[in-house]
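Undergrad: The following block contains the structure, expressed as structure tokens.
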Amino acid sequence: MFELTFCAILTLLPDYLFRRFVQGKRIGQEITLFSVWYELRIGLTAWLALTILLFTVIFYFHPSTSTVSSFYRTVTLLPERSGRVAEVFAVNGDTVEAGAPIFALDDATQRAAVETAERRVEEVEAGFVVAQTDLAAAQGALTQAEGARKQAEDELAVQQELLDRNSGAASPREVERLQTLVATRQGAVDAAEAQVAAVEAQLDTLIPAQRASAEAALEEAETALEKSVVYAGTTGELQQFALQPGDFVTAIGRPAGILVPPDVGAGRFTAGFNQVSAQQIHVGMIGEMTCAALPLTIIPMRVIAIQDFLPSGQFRPTDRLMDVQDFQRPGSLMVLMEPLYEGTADRVPRGAACLANLYTDNHERLASGEVSGLRSLALHAVDTVGVIHAFGIRARAILMPIQTLVLTGGH
């Protein structure tokens, strides 16, 4: 409305004054409702053209948006396994520290698994003791077999020596019997050595592997038991948390609640501007913001980052070729802003809906003498019309509570 009135003063009003006082035409006679266009056609045309030009200059060089918010992340409280709630350690609205327990699931099955795994470890350790006893027995049997073999070898040597001397005390039949006995005793020695090797293999390889497997099963069971208690992964405030003992929660589909971290997104606002003004928006640009949650307040802002890609160009590979016509909706230029003065936006809750203006500033270029003549005049005009936009956001800040509470019935 202000822009329309301003343009009318510069165009339509002079035309009317010329018709009224120079040409002598009067309203209600020569200038009537039906002859307005013909009589004031020059002023109306100039008024319309100047209004369109003014709107274009204002919104191009001083971008405006009604989509501003301070986004924040939430952490969904999900157990790593499904189960029935056994105990709850917090209530909705509590602020919990990172690592604090929130609720516990029934862990009877997991405790039984831990008990079974512990008994298995004890069984393997008992098997190690038994294997050591078996090793001692096998080594004793080996010593006994070696002694029996040595005795048979000695008897064979004596009989062989007597036989070589042609003594009547020895006979070939006896020598053959002793040779067979020595071979038998050697087999017993080999069997005892194999038994010792088998027991040593159990002690060195099999039982350690069984112990490692049992300890791994115990660690797995203990880990599953630890998952029965759900802890806060970060410091935050519990919301939508209404668990009671006996409730059933799952890792998918039935979350326990939401944890809202206190610092993520605080003090920073994300705005979506039209792509047409992309060349005018730059880091360090000054702007203003007003929010429905903080009415009648203008917050000076500053651009700190600009997203250099548009969400409308995002795609995900599928089994179908992408058709550009499917992306007809233009994406917004995402701009990250923060308050120019510390603490001015502290009372704005995260997620609040806000309006924002950005203002092109050519003061440094004009002060440096870089531009002159008509270009300098044009830059002065660009900076000046920013006042109209500043007036507009203040008017909207005033009308916002009226529109929300009165005209829309408080919704």
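Undergrad: Specify the angular offset, from 0 to 90 degrees and rounded to the nearest 10, of the alpha carbon long axis of helix 373-402 from the longest principal axis of the alpha carbons in the chain.
TA: 80
Undergrad: Round to a whole number: what % of the accessible area of the chain belongs to carbon and sulfur, probe 1.4 Å? List each step's numbers first, then the result.
TA: Working: 14760 of 25590 Å².
The C+S portion of the solvent-accessible surface of the chain is 58 percent.
Undergrad: Angle check, please: helix 207-226 long axis (alpha carbons) against the longest principal axis of the chain (alpha carbons), in degrees 0 to 90, nearest 10.
TA: 30
Undergrad: Each residue of segment 293-305 in order: what ³J(HN,Hα) in whole Hz does its phi give by Karplus 6.51 cos²θ - 1.76 cosθ + 1.60, θ = phi - 60°, with x for Gly and Pro?
TA: Working through the residues one at a time gives 7, 9, x, 6, 10, 9, 10, x, 10, 9, 6, 10, 7 Hz.
Undergrad: Taking θ = phi - 60°, what integer Hz values does the Karplus form 6.51 cos²θ - 1.76 cosθ + 1.60 yield along segment 321-330, in sequence order, with x for Gly and Pro?
TA: Result, rounded to whole Hz: 5, 6, 10, 4, 5, 6, 10, 6, 6, x.
Undergrad: Same structure, new question: What does the net charge come to around A305 if you take all other residues with beta carbon closer than 11 Å to its beta carbon, with K and R at +1 and D and E at -1? Please report the intermediate quantities before stating the final value.
TA: Details: positive: R268, R302; negative: D308, E338.
Spelling it out: positives minus negatives among the neighbours equals 0.
Undergrad: Enter the mean projected area of the convex hull around the alpha-carbon atoms of segment 1-133, in nm², rounded to one decimal. Present the calculation step by step, with values, prior to reporting the outcome.
TA: Values: hull surface 82.0 nm².
Averaging across all directions leaves 20.5 nm² for the Cα convex hull.
Undergrad: When the Karplus curve 6.51 cos²θ - 1.76 cosθ + 1.60 is applied with θ = phi - 60°, which whole-Hz ³J(HN,Hα) does each residue of segment 150-157 get, with x for Gly and Pro?
TA: 5, 5, 5, 5, 5, 4, 5, 5
Undergrad: What number, in nm² with one decimal, is the all-direction average of the projected area of the convex hull of the alpha-carbon atoms of segment 230-322?
TA: For segment 230-322, the mean projected area of the Cα convex hull comes to 11.6 nm².
Undergrad: If you don't mind, there's one more thing I want to ask. Pull up all non-local amide H partners of T234: gap of 5 or more, or a different chain, and H-to-H distance under 5 Å with H placed in the peptide plane.
TA: G99
Undergrad: Could you give the size of the charge dipole of segment 256-411 about its Cα centre, using +1 on the Cβ of each K and R and -1 on the Cβ of each D and E, expressed in debye and rounded to the nearest 20?
TA: Details: 11 positive and 13 negative charges, 69 e Å.
Roughly 320 debye, rounded to the nearest 20.
Undergrad: Between L399 and Q132, how many nm apart are label points set 7 Å from Cα along the C-beta direction?
TA: Distance between label points: 9.1 nm.
Undergrad: Also, I was wondering about something else. Mind listing the long-range amide H neighbours of L77? Cut-off is under 5 Å, sequence gap 5 or more, other chains count too, H placed in the peptide plane at 1.01 Å from N.
TA: It is A256, G257, I258, L259, by chain and number.
Undergrad: Provide Rg over Rh for segment 101-251; use the alpha carbon set for both Rg and the Kirkwood Rh (inverse mean inverse pair distance). Don't skip to the end; give the middle numbers.
TA: On the way: Rg = 32.3 Å, Rh = 21.5 Å.
So for segment 101-251, dividing Rg by the Kirkwood Rh gives 1.51.
Undergrad: Find which of T45, Y60, Q179 sits farthest along the positive direction of the dipole of the chain, computed with +1 on the beta-carbon of Lys and Arg, -1 on that of Asp and Glu, about the Cα centre.
TA: In the chain, that residue is T45.
Undergrad: What shape does segment 307-411 take by its C-alpha gyration tensor, where a ≥ b ≥ c are the square roots of the eigenvalues and a/c under 1.5 counts as rounded, a/b above b/c as prolate, and the rest as oblate? It would help to have the intermediate numbers written out before the result.
TA: Details: a/c = 2.10, a/b = 1.17, b/c = 1.80.
In terms of gyration-tensor shape, oblate.
Undergrad: Tell me which label goes with the value of percent of Cα pairs over 26 Å apart computed from the coordinates here: (1) 65; (2) 52; (3) 77.
TA: Correct label is (3).
Undergrad: Here's another thing I want to ask about it. Return the long-range amide H neighbours of L105 (sequence gap of 5 or more, or a different chain), with a cut-off of under 5 Å between placed amide H atoms.
TA: Amide H neighbours of L105, under 5 Å, 5+ apart: A86, V229, V230.
Undergrad: By its C-alpha gyration tensor, with a ≥ b ≥ c as the square roots of the eigenvalues, how is segment 56-181 shaped: rounded for a/c under 1.5, else prolate for a/b larger than b/c, else oblate? Walk me through the numbers on the way to the answer.
TA: Details: a/c = 9.11, a/b = 3.66, b/c = 2.49.
Prolate.
The values are calculated or read from the model by the stated rules, or taken from the named source; none is laboratory data. Owing to the predicted nature of the structure, the values given are computational and were not obtained by experimental measurement. Don't worry about glycine lacking a Cβ; one is built from the backbone with ideal geometry, like all the others, and counts go over all protein chains shown. Ligands, DNA and RNA are excluded from the accessible area calculation, which covers all protein heavy atoms including side chains. Shrake-Rupley method; radii C 1.70, N 1.55, O 1.52, S 1.80 Å.
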